[in-house]
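Notes follow once the structure below has been shown.
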Ligand code: FE
C-alpha cells in the first residue's frame with residue numbers, strides 16, 4: 001500500500017502544467033529561430049477550419065522582439081514617418097507579420113501614398129487581418145492587426161486607390177519583407 005502511494009505521488013509531481021493559453025484558443029508552437037529569419041510561416045487550421053492562433057506572454061514577446069517592434073506590435077505604437085525600412089521598398093515579394101511570419105501583404109498591392117509608411121490597397125486575404133475601432137488621438141480609425149498573433153500593424157483608411165479605395169497604412173517595424 002505504501003509503495004502504491006509513493007508511486008502516485010511520483011506521478012503527481014511529474015504532471016506538466018498546462019500552457020497559459022486563452023480560454024477557447026488553440027496555440028501553435030513557433031520555434032524562436034524561425035521568427036528571426038525572413039521566413040514565411042503559413043497559416044495553419046484546426047479540425048474546425050479555424051486559424052490556429054499564436055498566444056505568448058508579454059515576457060516571451062519581449063524576448064523575441066526588438067524594443068521598437070514590441071512597442072508597435074504589442075503596445076499599438078506608431079513608428080515615425082519616413083524612418084522605417086520598408087516604406088520605400090520596391091522589390092517584389094511578400095510582407096509577413098514581424099511577430100509570427102503570417103503573410104499579410106504582397107508587393108503587387110503596394111502603392112506610393114506619400115505618407116512615409118508602407119501602404120497597400122488590400123491584404124493578401126481578409127482572414128489574415130483582424131481589426132478594432134480605435135478612437136485614440138480624437139480620430140476614429142480602423143485598426144489593422146495580424147489575425148494570428150494579434151500584433152498591431154497600423155490602420156486602414158478609405159482614401160486609397162482603385163480597385164478597393166482602401167489604404168492600409170502599416171508600420172515597417174510590424175512587417176518583415178521576404179523577397180520573391
Ligand atoms: Fe502575427
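The values are calculated or read from the model by the stated rules, or taken from the named source; none is laboratory data. Values in this document were obtained by computation on a predicted structure and should not be read as measured data. FYI the Cβ positions are ideal-geometry reconstructions off the backbone, even for glycines, and counts take in every protein chain you see.
Only a single criterion out of (1) in contact with a strand residue (DSSP E or B) (Cβ under 9 Å, 6 or more places away or on another chain); (2) outside any strand (DSSP E or B) is not satisfied by residue 173, namely (1).
Might you check whether a residue that is within 16 Å of the ligand (Cβ to nearest atom) and part of a loop (DSSP other than H, G, I, E, B) occurs anywhere in region 152-170? No, that holds for no residue. Of the strands (runs of 3 or more DSSP E) lying entirely inside region 65-151, not one carries at least 3 residues that are within 11 Å of the ligand (Cβ to nearest atom), more than 17 Å from the chain's Cα centre (by Cα) and at pLDDT 95 or above. Applying a threshold of 6 Å to beta carbon distances and a minimum spacing of six or more residues, or different chains, the list of pairs starting in region 52-79 at a residue that is in contact (Cβ under 8 Å) with a residue 24 or more places away in the chain and more than 16 Å from residue 136 (Cβ to Cβ) and ending at one that is within 16 Å of the ligand (Cβ to nearest atom) and in a strand (DSSP E or B) reads 55/27; 73/152.
Using the structure shown, decide if residue 24 is more than 16 Å from the ligand (Cβ to nearest atom), farther than 15 Å from residue 148 by Cβ and at pLDDT below 75.
Numbers: more than 16 Å from the ligand (Cβ to nearest atom): yes; farther than 15 Å from residue 148 by Cβ: yes; at pLDDT below 75: yes.
When the stated conditions are applied, residue 24 passes them.
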